[in-house]
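Here the structure comes first, spelled out in structure tokens, and everything after it is commentary.
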Amino acid sequence: MLDDEPFMLKLLAHMLASLGFASITTCDSGRAALALFDGPDTPPDLILLDLNMPEMDGVEFVRYLVERRYVGSLVLVSGEDERMQQSVEKLVRAHKISILGHLCKPASPEKLAELLGQWTPPPAGKVRVAKKAYDADEVRAAIEGGRLINYYQPKVSVSTSEVVGVETLVRWHHHEDGVVAPDQFIGVAEAHGLIDGLTQVVFTNALADAKGWQEAGLALRVAVNISMDNLESLDFTDFVAAQTLAAGVPPQQVVLEVTESRLMQDARTPLEVLARLRLKRFRLSIDDFGTGHSSLAQLRDIPFDELKIDQGFVHGAWSNETLRVMYDASLNLARQLGMEVVAEGIEDREDWELLRRTGCDIAQGYLIARPMPAADVAGWIADWQSGGFSRLVVGD
């Protein structure tokens, strides 16, 4: 426990002891706590951390935990306001450190017990391993060598529970490292001029899978993420149209989810490409709305059909006032513009119930299904239609 108030340390120690914690160490400053880390003893499995301390505050202390590759968990204990604590929670998660939540001072035994009830001690000897970095040549070889595989995450209608589509999520099947997530290679592709080749592979494979589902009697909208870098080429519209025609898939069944990871240097070409795609009846979706560079200006300038509310504004919004405001504002904005709304990040029944109460159109998230290979989609849909959705329906 790290807190500059002796009374708070004694109070929390008493609470922890009553919950069965036998090994408790208290520190009244960040430097004292770091000295323990750098000593011969085993680092702690769990840290209760105050934010506002003299000399070294809790935010700075988190940075030193990252440097020491801390693999345990954190609980924030602070008198700071809710939004401040949420901000630090987000920072901790960005550093890939497990955080159970926060306690507002004065801390209650019930709330502490609730947070610790979800805690699992890390395995003995566990160390933090940084994600492997891949260079441009490796990514290029993966694109050209057919190592990129599409996975698909279902989307369902909130009002009917019907499966209405899937989002295409690319994976790299690495010959040594197994399945590599896109956050480990998409940025490399964008930074080294490889994103066009990557998108073309993903899009072509998605059309082939969409045609297969269509022939099996499954009318699914297939969404493919496109980078703003793809829209820098006037040839992109013709590529998309030609591939879709060749595959025999109606353009109305193809959703292009625009992800703006970087600012547009010149809006003219992207606007021309998107306008032409819309004229050809492809559906346009603004992805991760509220994050990155997505903004009201995009909604003003681009004829989007669909708005995807980022999971950071959806999951937990039923109990978080700040998130709920963001969620409601995005939903209402899309409604007034006549756009369909997809909510990402549906992870529990409470998330689903929020969407039902507020009239959101489409849901996507782990509660419904995790991304899966194309070969598994038809079987999953059959299971879903035979009653798999019933776990979501409350009171119907």
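The values are calculated or read from the model by the stated rules, or taken from the named source; none is laboratory data. The structure presented is a predicted model; accordingly, all values stated were derived computationally and were not measured. FYI the Cβ positions are ideal-geometry reconstructions off the backbone, even for glycines, and counts take in every protein chain you see. Keep in mind that these areas ignore ligands, DNA and RNA; they rest on the heavy atoms of the full protein, side chains included. Shrake-Rupley method; radii C 1.70, N 1.55, O 1.52, S 1.80 Å.
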Honestly the stretch 103-228 on the Cα gyration tensor test (a ≥ b ≥ c root eigenvalues; a/c under 1.5 rounded, otherwise a/b vs b/c for prolate or oblate) is just oblate
From the Cα centre of the stretch 210-282 to that of the stretch 12-68, the distance in Å is 51 Å
Using the alpha carbon gyration tensor of the stretch 305-395, what are the three equivalent-ellipsoid semi-axes (square root of 5 times each eigenvalue), largest first, in whole Å? 24, 15, 12
Per-peptide average of other Cβ atoms within 10 Å, ordering 175-188, 195-208, 95-108 highest first: 195-208, 95-108, 175-188
Charge-dipole axis of the stretch 80-227 as Lys and Arg at +1 and Asp and Glu at -1 on Cβ define it, positive-most pick from Gly146, Val188, Gly178: Gly178
According to the square roots a ≥ b ≥ c of the eigenvalues of the Cα gyration tensor, what is the shape class of the stretch 275-357, taking rounded for a/c under 1.5, prolate for a/b larger than b/c otherwise, and oblate for the remainder? prolate
For the chain, report the convex hull volume of the alpha-carbon atoms normalised per residue, in Å³, without decimals. 175 Å³
Mind checking which of Thr25, Ala374, Gln311 is farthest towards the positive end of the chain's charge dipole, using Cβ charges of +1 (Lys, Arg) and -1 (Asp, Glu) about the Cα centre? Ala374
When DSSP assigns beta bridges and you keep just the ones with both residues in the chain, what percent turn out antiparallel, to the nearest 5? 30 percent
For the chain, which whole-number percentage of the solvent-accessible area (1.4 Å probe, protein heavy atoms only) is attributable to carbon and sulfur atoms? 52 percent
Leaving out ligands and nucleic acids, note down the accessible area per residue over the stretch 70-113 with a 1.4 angstrom probe, in whole Å². 47 Å²
For the stretch 1-150 (alpha-carbon point model, no solvent) the Debye-based log₁₀ I(q)/I(0) at q = 0.16, 0.20 Å⁻¹ works out to -0.86, -1.33
Over all directions, the average projected area of the alpha-carbon convex hull for the stretch 178-243 comes to how many nm²? 5.5 nm²
Gain on full stretching of the segment that runs from Glu176 to Val325 - 0.36 nm per residue minus C-alpha separation: 49.2 nm
Solvent-accessible area of Glu114 with every protein chain in place, 1.4 Å probe, in Å² to the nearest 10: 120 Å²
For a quick protection proxy, order the peptides 372-385, 3-16, 161-174 by their average other-Cβ count within 10 Å, most packed first. 161-174, 3-16, 372-385
Counting Lys and Arg as +1 and Asp and Glu as -1, each charge on the Cβ, what is the dipole of the stretch 153-202 about the Cα centre in debye, to the nearest 20? 160 debye
If every Lys and Arg gets +1 and every Asp and Glu gets -1 at its Cβ, then about the Cα centre the stretch 1-78 yields a dipole, in debye to the nearest 20, of 240 debye
Of the residues Ser157, Ser330, Ser87, which exhibits the maximal mean-square fluctuation in a Gaussian network model of the chain defined by a 10 Å Cα contact cut-off? Ser87
